[in-house]
Amino acid sequence: MNAITKNYFHLHFIIFIWGFTAILGALISIDAIPLVWFRVTLATLFLYVFIRLKKVKIQVPFSVLIRYIFGGVLIAIHWITFFYAIKIATISIALAAMSTGALFVTLIQWTVFKKKLIPYELLFSLLAIVGLVVIFNAEGQYFIGIVIALLSSFLSACFSILNSNLIKNNSATIISFYELFFASIFIGIVLLVNGTIDGQFFVLSSRDWLYLLLLASVCTAYAFAASNQVLKSVSPFTMMLSINLEPIYGIILAIIIFREKEIMTTNFYYGALLILVTVILNGVIKLKKKHKTTVVSKT
């Protein structure tokens with residue numbers, strides 16, 4: 001496989017892990033904000049150990065540090081809203097709402113960065129929205145959970161655009177370390193202000209600790225750094241549209257693990273299928289365009 005193909009396979013492996021993240025979020029018994037704090041704090045520690053072992057320099061200019069702080073706050077709120085949506089709705093509903101990410105990327109780049117609007121990107125984004133509307137009509141009782149998941153999707157799109165620029169001149173590991181570190185600091189301040197941290201805060205069941213360690217290591221430290229690395233050769237739009245597969249992976253896993261609780265109506269799966277089709281078509285078109293560009297450059 002060439003480098004581009006490897007990165008696409010790597011991206012989808014990461015997305016599968018993110019789908020499993022939703023499962024862990026439902027299995028962990030604590031609330032969304034403490035859950036995310038434990039996740040980012042443990043992941044920061046894992047990455048710090050890795051950095052020390054590899055003797056990677058972590059000093060960065062102050063101007064870049066400010067962007068890391070912003071990225072940390074974005075990812076913190078994104079994960080809090082995502083896990084909260086899971087807890088008040090279902091895994092399937094929360095994951096399906098994340099399919100709007102590609103449309104948010106297109107609109108942000110078009111309105112804020114004045115990027116030329118590519119017709120097929122808008123078309124695929126709108127098709128993903130149609131799929132989402134079908135899902136909403138089928139599962140309207142989860143309205144609040146859907147709205148919160150949409151907010152999470154918007155924040156994820158902003159975060160993807162930010163990191164696609166940072167990764168051009170910075171290490172994926174360093175970006176991940178600082179953003180997770182500042183996410184931990186931000187959520188820690190929120191918890192302290194709310195008076196949530198007390199003597200019982202760290203008293204968790206052995207099962208919760210096991211799931212948190214898995215969430216922090218494989219699903220966060222590894223997947224977070226790897227996704228930033230993939231952004232070197234994959235556009236933010238393709239990243240977000242491919243993430244639409246996260247609901248598919250997550251829904252299949254949720255049905256296997258939670259059975260009847262996660263079985264939705266038929267229309268829900270029609271909407272999910274439409275989302276899947278947009279992901280496949282986008283991948284095919286982008287691969288063909290890159291292949292033609294490569295051929296032209298060689299000739």
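The values are calculated or read from the model by the stated rules, or taken from the named source; none is laboratory data. Because the structure is a prediction, the values reported are computed rather than measured. Neighbour counts run over all protein chains shown; Cβ positions are idealised from the backbone, glycine included. With ligands, DNA and RNA removed, areas are computed over all heavy atoms of the protein, side chains included. Shrake-Rupley method; radii C 1.70, N 1.55, O 1.52, S 1.80 Å.
Selection of helices (runs of 4 or more DSSP H) fully inside segment 222-299 by the criterion of at least 3 residues being at pLDDT below 80 and closer than 21 Å to Ala94 by Cα returns 236-242, 245-258, 266-298. With respect to the stated conditions, Gly140 is over 21 Å from the mean Cα position of the chain (by Cα) and either of a type in the set (Ser, Thr, Tyr) or closer than 22 Å to Leu274 by Cβ (or both). Every condition in (1) of a type in the set (Phe, Trp, Tyr); (2) surrounded by fewer than 17 Cβ atoms within 10 Å (Cβ to Cβ); (3) in contact with a helix residue (DSSP H, G or I) (Cβ under 6 Å, 6 or more places away or on another chain) holds for Tyr249 except the one numbered (2). Restricting Ile58, Ile30, Ile4 to those that are of a type in the set (A, V, I, L, M), farther than 21 Å from Phe201 by Cα, assigned to a loop (DSSP other than H, G, I, E, B) and open to solvent by 10 Å² or more (accessible area, probe 1.4 Å) reduces the list to Ile58. Kindly list, by first and then second residue, each pair from a residue in segment 73-95 that is charged (D, E, K, R) to a residue that is surrounded by fewer than 24 Cβ atoms within 10 Å (Cβ to Cβ) and not in a helix (DSSP H, G or I), limited to pairs with Cβ atoms under 8 Å and residues at least 6 apart or on different chains. Close Cβ pairs satisfying both conditions: Lys87/Asp31.
Each row is one residue, and each column tells you yes or no for (1) part of a helix (DSSP H, G or I); (2) buried (at least 20 other Cβ atoms within 10 Å of the Cβ).
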{"site": "Tyr178", "(1), (2)": "yes, yes"}
{"site": "Phe182", "(1), (2)": "yes, yes"}
{"site": "Val190", "(1), (2)": "yes, no"}
{"site": "Asp198", "(1), (2)": "no, no"}
{"site": "Phe202", "(1), (2)": "no, no"}
{"site": "Asp208", "(1), (2)": "yes, no"}
{"site": "Leu213", "(1), (2)": "yes, no"}
{"site": "Val218", "(1), (2)": "yes, no"}
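So, in segment 96-132, exactly how many residues are open to solvent by less than 70 Å² (accessible area, probe 1.4 Å) and either touching a residue at least 24 places away in the same chain (Cβ under 8 Å) or more than 21 Å from the chain's Cα centre (by Cα) (or both)?
Within segment 96-132, the first condition is being open to solvent by less than 70 Å² (accessible area, probe 1.4 Å), and the residues that meet it are 96-109, 117-118, 120-122, 124-125, 127-129, 131-132.
Pick out the ones that are also either touching a residue at least 24 places away in the same chain (Cβ under 8 Å) or more than 21 Å from the chain's Cα centre (by Cα) (or both) and you get 96-106, 108-109, 117-118, 120-121, 124-125, 127-129, 131-132.
The number of residues fulfilling the criteria is 24.
One residue stands out in segment 156-176 among those that are crowded, with 19+ Cβ neighbours inside 10 Å and more than 21 Å from Ala102 (Cα to Cα): the one that is modelled with the lowest pLDDT, namely Ala172.
When only residues in segment 38-51 that are open to solvent by less than 40 Å² (accessible area, probe 1.4 Å) and not aliphatic (A, V, I, L, M) count, which is nearest to Ala221 (Cα to Cα)? Write out each step before concluding.
Step one: of segment 38-51, the residues open to solvent by less than 40 Å² (accessible area, probe 1.4 Å) are 38-44, 47, 51.
Within this subset, residues satisfying the condition of being not aliphatic (A, V, I, L, M) are 38-39, 41, 44.
Working: Phe38: 12, Arg39: 9, Thr41: 10, Thr44: 7 Å.
Across segment 38-51, the extreme among qualifying residues is Thr44.
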